[in-house]
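S.K.: Sharing a structure with you now.
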Amino acid sequence: MADPHLVVVDDAASLARAGADVVADVIRADGPVTIVPATGETPVGMYAELAAVRARGDLEAGAVSIVQLDEYLGLEPGDRRALFGWMDRTVLQPLAIDDSRVMRLPTDGDVDAACAAFDRDLGARGAIDLAILGLGTNGHLGFNEPPSDAASVTRAVDLTPDTIAANARYWGGEDDVPTRAVTLGLHTLLGARSILLLVSGASKHAIVRRALEGPVGEDVPASFLRTAQGAVTVLVDRAAWEGA
Ligand code: GLP
């Protein structure tokens, strides 16, 4: 366990380039690689940068395995709000990673039992090489809403009012945001060989400071990054770090 490596960059474009360098290095490693890619707006520029590197012929990602980070519950098949669709548009298609290489989170039937089976399968595969994460304004990672403890498992969760308000910008309004979701647990995320947390914009200033400089605890799930087993890189743009 070591302190997170904090890198402050000028702006969102620099964040995208610096993040793409970190991810490309992991993808280029010898042997099979497993990555958890966050959805949300923060990493979109980085994924576009990776797609550009691939388009230049400098990155081959077809053999990467993907583990889904989070997904809404209660959606019909084909619903435009599915986070799998977001990941498909921003990560899988641009990087030419086939759907068959994705471990999708369970959303049907007995979700809690299916989540337990999911964690067993994931554990049998070995550690995740890289978890790419964003930061909720309430300190969540994935949909590990406060309070979430460091041992939390993959599970169904109720979204907090903070998250519903923050996610309204994706879908048109708060009434359009599903109220339940499934998320990888912090136990899985904190066990990754490496973690890349991306934080952009002044709206994340207070929470990124709390996560990295405040007390470690379940009220700010991202604070547990300071207890992660692997290497943690926190890439923050100046607006998020300085708050202006
Ligand atoms: C969302 C997602 C997270 C995402 C985070 C930040 O609610 N559950 O996976 O990383 O909040 O999102 P954004 O990057 O859009 O600010």
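Quick note: the coordinates plus some simple rules give every number you see, no bench work behind them. In this text, all values refer to a predicted model and were calculated from it rather than measured experimentally. Ideal geometry is used to build each Cβ from the backbone, glycine not excepted, and the neighbour counts take in all protein chains shown.
S.K.: Which is farthest toward the positive dipole end of region 114-244 among 117, 138, 179, measuring Cα position about the Cα centre, with Cβ charges +1 (Lys, Arg) and -1 (Asp, Glu)?
M.R.: Farthest along the dipole direction, towards plus: 117.
S.K.: Just to be sure I understand the curve: with the Debye formula and one point per C-alpha of the chain, what is log10 I(q)/I(0) at q = 0.14 Å⁻¹?
M.R.: Results for the chain at q = 0.14 Å⁻¹ read -0.89.
S.K.: Distance from the Cα centre of region 170-244 to that of region 50-116, in angstrom?
M.R.: If you average the Cα positions of each part, the centres end up 20 Å apart.
S.K.: Considering only the other residues whose Cβ falls under 12 Å of the Cβ of residue 67, what net charge follows from Lys and Arg at +1 and Asp and Glu at -1?
M.R.: -2
S.K.: Calculate the spin-label point distance for residue 202 paired with residue 58, positioning each point 7 Å from the Cα along the beta-carbon direction, and give it in nanometres.
M.R.: Roughly 3.3 nm, to one decimal.
S.K.: Looking at the chain, do any whole DSSP H helices span at least 20 angstrom along their long axis by alpha carbon and average -0.5 or above on Kyte-Doolittle, and which?
M.R.: 12-27, 111-125
S.K.: FRET efficiency for residue 149 and residue 41, Cβ-Cβ distance as r, R0 = 25 Å, nearest 0.05?
M.R.: Approximately 0.35, to the nearest 0.05.
S.K.: Would you grab the residues whose amide H sits under 5 Å from the one on residue 67? Only those 5+ places off in sequence or on another chain, please, with H modelled 1.01 Å from N.
M.R.: Amide H neighbours of residue 67: 35, 36, 103.
S.K.: Among 198-211, 171-184, 98-111, how do they line up from the highest to the lowest mean number of other beta-carbon atoms within 10 Å?
M.R.: My ranking of the peptides, most packed first, is 198-211, 171-184, 98-111.
S.K.: Next up: Label-point separation (nm) for residue 210 and residue 101, each offset 7 Å from Cα along Cα-to-Cβ?
M.R.: 3.7 nm
S.K.: I would also like to ask the following. Please identify which residues in region 202-219 have an amide N closer than 13 Å to a label point set 7 Å out from the Cα of residue 3, following the Cα→Cβ vector.
M.R.: The answer is 212-214.
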